[in-house]
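Data block below; observations after.
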Protein chains: 2
Amino acid sequence: MSGYAAVLRHVEAELAAGRLTVGAQLPAERRLAEDLGVSRPTVREAIRVLQALGVVRSGVGSGPDAGTTVIADPAGGIAAALRLHLATRRLPMADLVATRALIEGAAVRAAARAPGHPDLDLAEDLLARMDEPGIDADTYHQLDADFHVALTRAAGNAVNTAVMTALRDAIHHTVLHAVASLPDWPRTAARLRREHRAVLRAVRAGDGERAAALVVRHIEGFHREWTRRVSPG
Amino acid sequence: MSGYAAVLRHVEAELAAGRLTVGAQLPAERRLAEDLGVSRPTVREAIRVLQALGVVRSGVGSGPDAGTTVIADPAGGIAAALRLHLATRRLPMADLVATRALIEGAAVRAAARAPGHPDLDLAEDLLARMDEPGIDADTYHQLDADFHVALTRAAGNAVNTAVMTALRDAIHHTVLHAVASLPDWPRTAARLRREHRAVLRAVRAGDGERAAALVVRHIEGFHREWTRRVSPG
């Protein structure tokens, strides 16, 4: 096992044993290097990997928050992997969209069984903000992404939320780019907003089947619309 | 943007542009450092991240394969993130199992629409190997994991296959550990084998609904059995 892998293994074991928890600081680089008998650059390699996987965040400066803090951003880690593999073309965009539709369909079906969940109130607020006149596409898409995450989170499965957030993040820039070329963005946005309202209404009404059908149609429909703009033919 | 992030961004852009493809070698460390104006340790940090995300594999020695090769192992990258976040306890095991059941249920439903798929022949072979008398738990579990991956791959969605493989890999060691403490492993294994056959038979018969119900029951049932052994109460 190479040095940086030994550091990763050590951190994983400390997390699993509960000796290292979210919010705590990782021991200093020098200390880790001494304890594990590896060089400081090797420790830094492992820390970069942990950063990429959403397990730590490195502070700046020399204050009390300057160290490397344990965080829990599984979606960030999964999104990093998905984005790079979209780039290698081994994960087709259509498959990403299908997986997202599967997870969100299941999520709204489950959310409809707890229609009073606070994340649904948040979803409602986000829809109101998307209605603001003159909203630009960037802001709209951030709110849109947040809306879908809130819906999924209301279903209570942290893995589904992380995977769905990662799928959404991985294609965020592609979507923004594609949307910029849509012939009539305001009209598209108006349709998307109506669809969002219908999905949330079905969840609130406890009609999981209808909510699932609507959210799948919403995701697949928008995908068909923007991929027509980025792929030839 | 810090130096290693610039290297990652560069590699992602090269992949997206098709100038760097799976199977090709990454430029030498020294060359990347010069081109991007960063230090060699910084390049090495980025390469470790790419390794962890399943995008490159580093060779050893000084032969023609000694460099860093672009690969496509999205499941490896996603599994690394999942495993560490299981360790941070922000991704509960039960949610992982539920996501797996969701994806595999959808996969066998889809696979039943193409019951002559070559991956289903592979699944058949794996079942035969799991039947060999005196098979140890380690070997059994590897074949079992391969069987589930083959079933999922037969459905043709690369993202579902990557996520499902990652979910399976992330809990592999936990499962092996738990199984070692089961009171009657041969009896459990016999039941799992029967369940596998029933799932595959339903897929081959084109009965997607039945296959989905069976695979979900199989995954959830085994999870209930082995979690009883690892968690108190």
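Structure above, values below:
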{"quantity": "Under Karplus coefficients 6.51, -1.76 and 1.60, residue-wise ³J(HN,Hα) of region B:194-209 in Hz, glycine/proline x", "calculated": "4, 5, 4, 4, 5, 4, 5, 4, 5, 5, 4, 7, x, 9, x, 5"}
{"quantity": "Helix B:137-153 axis, angle to chain B major axis (alpha carbon atoms, nearest 10°)", "calculated": "80"}
{"quantity": "Rounded Å value of the spacing that divides the Cα centres of region A:70-131 and region B:1-43", "calculated": "30"}
{"quantity": "For A:ARG113, label point 7 Å along C-beta direction: distances to other copies, nm", "calculated": "2.6"}
{"quantity": "Compactness index (Cα Rg / 2.2 N^0.38 Å), region B:1-149", "calculated": "1.37"}
{"quantity": "Folded to 0 to 90 degrees: helix A:40-52 orientation relative to chain A principal axis, Cα", "calculated": "20"}
{"quantity": "Amide H contacts under 5 Å for B:LEU20, placed H, 5+ residues apart", "calculated": "B:LEU15"}
{"quantity": "Net charge over other residues, Cβ less than 10 angstrom from the Cβ of B:ASP207 (K, R count +1; D, E count -1)", "calculated": "+3"}
{"quantity": "Inter-label distance, nm, simple model (7 Å from Cα along the C-beta direction), B:ASP138/A:HIS177", "calculated": "4.6"}
{"quantity": "³J(HN,Hα), Karplus 6.51/-1.76/1.60, whole Hz, each residue of region B:30-35, x for Gly, Pro", "calculated": "4, 5, 4, 4, 5, 4"}
{"quantity": "Hydrodynamic radius of the protein assembly as shown per Kirkwood, over alpha carbon pairs, in Å", "calculated": "23.8"}
{"quantity": "Computed FRET value (nearest 0.05) for B:GLU209 with A:ALA114, which takes r as the C-beta separation and R₀ as 35 Å", "calculated": "0.85"}
{"quantity": "Radius of gyration and maximum dimension Dmax of region A:61-143, Cα, Å", "calculated": "18.0, 48"}
{"quantity": "Residue with peak Gaussian network fluctuation, chain B [Cα springs, cutoff 10 Å], from B:ALA46, B:ALA17, B:ALA212", "calculated": "B:ALA17"}
{"quantity": "Estimated FRET transfer efficiency when R0 is 41 angstrom, pair A:ALA13-B:THR188 (beta carbons, to 0.05)", "calculated": "0.90"}
{"quantity": "Copies compared at A:GLU209 - label distances in nm, ascending, label defined 7 Å from Cα in the Cβ direction", "calculated": "1.1"}
{"quantity": "Cβ neighbours within 10 Å from other chains - mean over B:5-13", "calculated": "2"}
{"quantity": "For B:ILE71, distant residues with modelled amide H under 5 Å away", "calculated": "B:GLY23, B:VAL56, B:ARG57"}
{"quantity": "Label point 7 Å beyond Cα along the C-beta direction, distances from A:ASP35 to other copies (nm, shortest first)", "calculated": "3.8"}
{"quantity": "Quarter of Cα convex hull surface for region A:124-233, i.e. mean projection, nm²", "calculated": "7.0"}
{"quantity": "Whole-number percent relative contact order across region B:19-107, with pairs defined as alpha carbons under 8 Å at least 6 apart", "calculated": "25"}
{"quantity": "Calculated FRET value between B:ARG129 and B:SER58, using beta carbons and R₀ = 35 Å, to 0.05", "calculated": "0.65"}
{"quantity": "Net charge dipole size for chain B [Lys, Arg +1 and Asp, Glu -1 on Cβ; Debye, nearest 20]", "calculated": "560"}
{"quantity": "Peptide-level mean, for A:90-102, of C-beta atoms on other protein chains within 10 Å", "calculated": "5"}
{"quantity": "Nearest 10 degrees, 0 to 90: helix B:3-16 Cα axis against chain B principal axis", "calculated": "70"}
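Read-outs throughout are calculated quantities, based only on the coordinates presented, and are distinct from any laboratory measurement. No experiment lies behind these values; they were computed from the predicted model shown. A quick note on method: Cβ atoms are made from the backbone with ideal geometry, for glycine too, and the neighbour counts reach across all protein chains shown.
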